[in-house]
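Everything on this sheet refers to the single structure shown next.
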Amino acid sequence: GADEELIPLKCREESDSCYVVSNAGRDVDLLRLMLLDPRSGELQLLEQDPEGQVDFGNAHFHPLSEELLFTHYLGDRLRVYPRTAAAAQLWRRLRTALPHGEVTIDSAADDLSRLLVRQSSDVDPGTLYLYEQKSAKMTLLYRVRPELPREDLAHMRPLKLRARDGMIIHAYLTLPRGTPPRNLPVVMYIHGGPWKRNYWRSDPYAQFLANRGYAVMQVNYRGSAGYGKRYLNAGIREHGTGFMQHDISDAVAYLKENNIAAAGRIAIFGASFGGYAALAGVTFTPDLYACAIAYAAPANLVSFSESFPDYWQPFLRNTWHKWIGDPAEAADRAHMRARSPLFKTQQIRAPLLVIHG
């Protein structure tokens, strides 16, 4: 089907088989780790998210034997699963040495005697260590952006929100330090794509805004990637005046109901599709926002679609045309025009900053 994927990860030299990531199959929702026999085309299931929440994320193989050592899933936080007894022992040692945040292995010596290990979190964009297995010695190599005062950065927490139609929507909330989470000015910071997602990390925009006293809400509205086909496809033709935008509005309602947001002090900001959501926010739901910032945002979906180069056309059929519309079709064109903020500028009541370039 149009929304099915098969991503090759590694082909094993010894046995004629390949590790692939796939969500092929009508009843399959999440991307799973499979073993493919290239001769017969047979797929064998190796692993899927034990928590049944997200797509398969990543795999780590032994540099020489090509044995599968670890699998990764990006849920609310990163989850790592060791696949062998030796990998489990190594993982315990790494987590004992580095108990906080997310830990990933960037690279390894052929015999795994030395590893480059990265630790990162919501308050740490990354710290790199050398780990020596024999002595269990962990040596600090360098910090990413060492001038950032980590102790002053704000914490980001995962949230689950119930949308108006009952769907559970994943989000992240960053709260400013040293102030109770009550009646705060809020920036709804909307990711682009739309087939991308926010995740738990040190986000420069979220940190900058939280440092200046704003709560920052990042919503993985339906149509965001990483949560399987159903979550993704729930966003088809739901942009602007539909449920993709409603999910953002419902996150605003959540902040108001829980007295986190100060009434009348909520802004919406984003780039690319996030910028379109900001424009949609102030045109289609003008009472919701005190102001908006739209960065590199399409305002007219028709002219935007018609500006795509010819060599994009083969890719557009299953993505853009299916999701947003094909301007060559009259019904689609009318639908796209109705959801283009450019034609609803008379409804804007809040200050709007538009940035391009």
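The values are calculated or read from the model by the stated rules, or taken from the named source; none is laboratory data. Only a predicted model underlies this, so the values are computations on that prediction, with no experimental measurement involved. Cβ sites come from the backbone with ideal geometry, for glycine too, and all protein chains shown count toward neighbours. These area figures cover heavy atoms from the full protein model, side chains too; ligands, DNA and RNA do not enter into them. Shrake-Rupley method; radii C 1.70, N 1.55, O 1.52, S 1.80 Å.
Net charge in the neighbourhood of SER15 (other residues with Cβ under 11 Å of its Cβ; Lys, Arg +1, Asp, Glu -1) is -4.
The residues of segment 55-181 expose, per residue, 51 Å² of accessible area to a 1.4 Å probe. Of the solvent-accessible surface of segment 215-289, computed with a 1.4 Å probe and all protein chains present, 52% belongs to carbon and sulfur. Largest first and in whole Å, the equivalent-ellipsoid semi-axes of segment 142-265 read 26, 19, 11, each the square root of five times a Cα gyration tensor eigenvalue. Rounded to the nearest Hz, the phi-derived 3J(HN,Hα) couplings of segment 286-297 under the Karplus curve 6.51 cos²θ - 1.76 cosθ + 1.60 (θ = phi - 60°) are x, 7, 7, 10, 7, 6, 9, 10, 10, 10, 6, 9, where x marks glycine and proline. Entry note, segment 184-224: relative contact order of 61 percent, from Cα contacts under 8 Å with a spacing of 6+ residues. For the chain, modelled as a Gaussian network with Cα springs under 10 Å, which listed residue fluctuates most, ARG95, ARG157, ARG337? Maximum among the listed residues: ARG95.
Taking the empirical scaling 2.2 N^0.38 Å for compact globular proteins as reference, segment 195-294 has a Cα radius of gyration ratio of 1.06.
Qualifying chymotrypsin sites (Phe, Trp or Tyr not before Pro) in segment 151-252, where qualification requires a DSSP coil assignment and no more than 15 other C-beta atoms within 10 Å, comprise TRP195. Taking every alpha-carbon pair in segment 1-72 and binning the separations at 10 Å intervals from zero gives 19, 53, 25, 3 percent. Between the alpha-carbon centers of segment 221-264 and segment 278-350, tell me the distance in whole angstrom. After rounding, the separation between the Cα centres reads 17 Å.
Across segment 20-26, computed HN-Hα scalar couplings (Karplus, 6.51 cos²θ - 1.76 cosθ + 1.60, θ = phi - 60°) run 9, 10, 8, 10, 5, x, 4 Hz from first to last residue, x flagging Gly and Pro.
Computed from phi, the 3J(HN,Hα) profile of segment 123-129 under the Karplus parametrisation 6.51, -1.76, 1.60 (θ = phi - 60°) reads 10, 9, x, x, 10, 9, 10 Hz, with x in place of Gly and Pro.
List the trypsin sites (Lys or Arg not before Pro) within segment 156-262 that DSSP assigns to loop and that have no more than 12 neighbouring Cβ atoms inside 10 Å.
For trypsin sites (Lys or Arg not before Pro) across segment 156-262 that sit outside H, G, I, E and B with at most 12 neighbouring Cβ atoms in 10 Å, the list reads ARG164, ARG182, ARG212.
Residues within the reach of a label modelled at LYS10 (point 7 angstrom out along Cα to beta-carbon, backbone nitrogen below 13 Å), restricted to segment 69-98, are 69-72, 83-84, 87.
With a/c under 1.5 counting as rounded, go ahead and sort segment 121-169 into rounded, prolate or oblate using the C-alpha gyration tensor (a ≥ b ≥ c being the square roots of the eigenvalues; past the cut-off, prolate if a/b is larger than b/c, else oblate).
Oblate is the answer for segment 121-169, as a/c is 1.5 or above yet b/c matches or exceeds a/b.
Based on the Cβ-Cβ distance from TRP195 to TYR142, what FRET efficiency comes out when R0 is 41 Å, to the nearest 0.05? Taking R0 as 41 Å, the efficiency between TRP195 and TYR142 is 0.80.
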